[in-house]
Amino acid sequence: MMKDAAQTLPMKDRFDLPEGMIYLDGNSLGPLPRAVPDHLARVVADEWGGHLIKGWNVDGWMAQPMRVGDKVARLIGAPDGSVTMGDTLSIKVYQALSAALQMRSDRKVILSDSGNFPTDLYMAQGLIAHQDARHELRVVAPEDVVEAITDDVAVVMLTQVDYRTGRMHDMADITRRAHDAGAIMLWDLAHSAGAVPVDLAGCGCEMAVGCTYKYLNGGPGAPAFIYVRPDLVGRIDPALSGWLGHDAPFAFEPDYRPAPDIARMRVGTPPVLQMSALEAALDVWDGIDMQDVRDRSIALSELFIAEVEARCPDLTLASPRDVARRGSQVSFAFAQGYAAMQALIAHDVIGDFRAPDIMRFGFTPLYIDEGDVVRAVDILADVMNDRLWDRPEYQRKSAVT
Ligand SMILES: *Cc1c(COP(=O)(O)O)cnc(C)c1O
């Protein structure tokens with residue numbers, strides 16, 4: 001990154017955050033970048049409203065998944081033309097896994113860990129239920145992954161940063177071990193993209209997937225991304241062989257023939273409005289060095305841990321203490337964590353809760369600074385030390401925690 005183009009963090013003025021709110025949940029749903037509403041309004045009024053069906057050509061809607069894919073690629077160390085966008089992360093997991101099983105058809109094991117997000121495991125279960133009966137999803141504890149990479153494993157499927165605890169796998173090391181055992185490596189970057197520096201090209205993994213509504217601030221339901229190592233993409237025979245992954249969608253041929261490149265991982269019509277919000281949201285990253293983001297994230301997380309441990313003795317750190325093994329979130333365990341989080345949210349400090357007892361706080365240096373961290377802990381200390389969580393209004397469960 002050129003020095004003179006470098007942005008200094010935080011850049012709060014690029015986001016529309018409610019006055020008075022301290023938002024420590026950008027790991028779950030990023031806030032609204034200020035550029036998005038006008039851009040989206042223009043796409044709706046001028047492109048959809050004004051151009052109607054011509055928009056697919058004149059406004060570049062059809063090329064958008066690849067154009068936006070290149071913007072995401074730059075944040076995860078992937079070359080241009082190796083990432084495409086669409087669907088949800090669950091779908092992208094399915095596509096990547098099915099491709100991996102096809103590439104290692106002599107092997108029958110999908111290896112994952114118990115820290116993975118449930119949908120990744122569910123998609124694997126659904127996929128193998130439709131394969132021959134000999135396939136197996138093998139789930140081990142995160143610390144046992146390395147030993148479990150045996151030579152019957154077809155694909156190692158891991159989420160780099162654990163959604164509950166923030167524990168972070170060593171991508172380079174595990175990828176090397178997977179390759180030594182002859183397995184395909186599939187990384188889920190849901191809690192990595194926009195949070196920690198990722199070097200997909202350097203680590204050499206075959207595939208990666210992720211979502212864009214967390215640290216990439218694309219908005220609720222923003223499309224997912226999928227990366228396939230460029231030398232391998234031509235070998236994938238897509239399980240979801242939709243028309244927009246076809247080599248010539250508008251030839252309307254009766255038989256499927258995949259596009260030569262990553263476009264074969266597209267499925268159907270792209271969500272143009274949602275992708276336009278994401279496209280504008282990604283401009284925030286121009287001139288930002290992911291190592292700066294990482295350094296700031298570590299400083300904020302370390303400050304938070306020190307302050308909480310000094311002032312809230314009932315909370316127990318549930319994240320790794322070693323910064324090298326932690327992503328951009330910090331979790332504390334507390335038996336009444338749900339109610340404590342509700343009390344905190346009522347006082348405008350937004351984190352979230354993951355069963356059974358995890359209070360989760362995301363650190364997003366684009367719009368969070370040290371002052372926010374200290375103020376958040378002031379309020380958390382009040383919630384804990386005045387037992388505000390004990391009030392009945394904070395005990396009621398909502399559908400989304
Ligand atoms: C957030 C997250 C998902 C969500 O999947 P969607 O299909 O986008 O709902 C999946 N996997 C991981 C690891 C996640 O963190």
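TYR94 fulfils the conditions (1) under 22 Å from ASP237 (Cβ atoms); (2) open to solvent by less than 20 Å² (accessible area, probe 1.4 Å) except for a single criterion, (2).
For the stretch 360-380, the condition holds for no residue, the condition being that it is under 21 Å from ASP162 (Cα atoms), free of Cβ contacts under 8 Å to residues at least 24 places away in the same chain and surrounded by 14 or more Cβ atoms within 10 Å (Cβ to Cβ).
Being within 17 Å of the chain's Cα centre (by Cα), more than 16 Å from the ligand (Cβ to nearest atom) and open to solvent by 10 Å² or more (accessible area, probe 1.4 Å) narrows it down to one of PRO230, PRO197, so name that one. Give the steps one after another, and end with the answer.
Values: PRO230 fails: within 17 Å of the chain's Cα centre (by Cα).
After applying the criteria, what remains is PRO197.
Could you identify the single residue in GLY86, GLY81 that is of a type in the set (Gly, Ala, Ser), open to solvent by 30 Å² or more (accessible area, probe 1.4 Å) and under 23 Å from the mean Cα position of the chain (by Cα)? The match here is GLY81.
Scanning the stretch 348-357 for residues that are open to solvent by 10 Å² or more (accessible area, probe 1.4 Å) and touching a Leu at 6+ places or on another chain (Cβ under 7 Å) returns a single hit, ILE350. Put simply, of MET103, MET168 the only residue that is away from the ligand (no atom under 16 Å from the Cβ), open to solvent by 10 Å² or more (accessible area, probe 1.4 Å), hydrophobic (A, V, I, L, M, F, W, C) and touching a residue at least 40 places away in the same chain (Cβ under 8 Å) is MET103. Looking across the stretch 312-347, the residues that are open to solvent by 10 Å² or more (accessible area, probe 1.4 Å) and outside any loop (DSSP other than H, G, I, E, B) come down to THR316, LEU317, VAL323, ALA324, ARG325, ALA333, TYR338, GLN342, ILE345, ALA346. Applying the criterion of being open to solvent by less than 10 Å² (accessible area, probe 1.4 Å) and part of a loop (DSSP other than H, G, I, E, B) to the residues of the stretch 106-127, the residue that is nearest to the ligand (Cβ to nearest atom) is ASN116.
The values are calculated or read from the model by the stated rules, or taken from the named source; none is laboratory data. As the structure is a prediction and not an experimental result, all values here were calculated from the model. Every residue, glycine among them, receives a Cβ derived from its backbone with ideal geometry; neighbour counts consider all protein chains shown. Side chains are part of the model used for accessible areas, which takes the heavy atoms of the whole protein and leaves out ligands, DNA and RNA. Shrake-Rupley method; radii C 1.70, N 1.55, O 1.52, S 1.80 Å.
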